[in-house]
């Protein structure tokens, strides 16, 4: 079926039958300013879904970044280029997300502490270290977390306690 044929169909039905064709048809209708033909209910749903997906991506990248910073700090004997690469990669993803959508920065700040708690649990599970190894509050700020030049170092006092 072509986009032209799809325009003659009920777009809500097309949404259920062929999502990709629904997207193409909707885009064409918008370009042609045929707003009365648009399946507005599903279009709104998809835009809201995109908003949620953007937030999930930011939170997921932040969690992975924090988890690797924790591993880097608390398993210094196992530091690897792969960990540094993952830290760089997820910082870059966050930088790109915030460059494309600066309005996500308040969300990033809002979820930092909760995301730290999730990353702390995942770091404990992945490393086999006790959850108590990782502080209840983040040992690094959001600024340090996003800073491309920051890598945590284990506190000498902590090392002496081991």
Between 0 and 90°, nearest 10: helix 81-100 axis offset from the chain longest Cα axis = 40
Roughly what angle does helix 19-31 make with the longest principal axis of the chain, taking Cα atoms, 0 to 90 degrees, to the nearest 10?
-> 70
What residues from the stretch 44-61 fall in the zone where the backbone N is under 18 Å from a label point 7 Å along the Cα-to-C-beta line of residue 16?
-> 44-46
Find how much the distance from residue 107 to residue 76 grows on full extension, using 0.36 nm per residue of separation minus their present alpha carbon separation; answer in nm with one decimal.
-> 8.1 nm
Computed helical MRE - 222 nm, the chain, DSSP H runs ≥ 4 contributing -39500 (n - 2.57), nearest 500 = -23000 deg cm²/dmol
Relative contact order as a percentage, the stretch 52-161, C-alpha pairs under 8 Å and 6+ apart, gives 38
How much space per residue, in cubic angstrom, does the convex hull of the C-alpha atoms of the chain take up?
-> 157
Both in Å, the radius of gyration and Dmax of the C-alpha trace of the stretch 92-142 are 13.2, 38
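None of the figures in this text is laboratory data; all of them are computed from the coordinates on show. Predicted, not measured: the structure shown is a model, and the values here were computed from it. Virtual Cβ from ideal backbone geometry, glycine too; neighbours counted across all protein chains shown.
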